[in-house]
1. Just the accessible area per residue of region 3-110, please: how many Å² with a 1.4 Å probe?
2. Modelling each spin label as a point 7 Å along the Cα-to-Cβ direction, I'd like the L38/F65 distance in nm, to one decimal.
3. Scan around G112 for amide H atoms under 5 Å from its own, H built in the peptide plane at 1.01 Å from N, and keep only partners 5 or more places away or cross-chain.
4. Working out 0.36 nm times the residue gap between T6 and W45, then minus their Cα-Cα distance, what length gain in nm do you get to one decimal?
Amino acid sequence: MNSMHTRLKLVAFVHFILIVLALGSAWLPSAYLFYNLLYMVALFWAIHCRESIDAVQICAVINGFSFFFDLMGIISYFPSHGIFSAVFAILNLVIRPFSLLLLQRELSDRGGSFDLGYDGSGGVGEHPTSYEDIDAPHQQTPSHGQVNVNMFK
């Protein structure tokens, strides 16, 4: 389970099988197919891009929202027939929190977190972000023996 991308492959395989079996009947709305297709594409992207933190973050966000979408879809459209596919849709719903934990573990192994990059400081002060303001007065240019010529004296 700790080998390279085994977690992602397991999550993709299990969700693929459950989604296909849940869609075996026509009781689910077409939105179910849409967001699960997006989720599978994001999973395959995360498997393909072995170093990408963004791929796993997007996959985890889609999985988190899909939990609530699955819950609303199952509650709203629960079938009077086709119980076989409903069982797999419910099983897919139950598996989502565990797959979210596996995605979080994969994300931490890649050096990322669920932090979306906002620290409230705006990138100035103690907690700078990746944005670098070139006009900031705290930056100094090393001279290394070079003579600074100021043309605007």
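The values are calculated or read from the model by the stated rules, or taken from the named source; none is laboratory data. Because the structure is predicted, anything quoted here is derived from the model rather than measured. Using ideal geometry, Cβ is built from the backbone for each residue, glycine included, and neighbour counts are taken over all protein chains shown. Just so you know, the surface numbers come from the protein's heavy atoms only, side chains and all, with ligands and any DNA or RNA stripped out. Shrake-Rupley method; radii C 1.70, N 1.55, O 1.52, S 1.80 Å.
1. Values: 5900 Å² over 108 residues.
The answer is 55 Å² per residue.
2. Using points 7 Å along Cα→Cβ, the separation is 0.4 nm.
3. Here the answer is none, since no amide H 5 or more places off falls under 5 Å of that of G112.
4. Contour length minus the Cα-Cα distance gives 12.6 nm.
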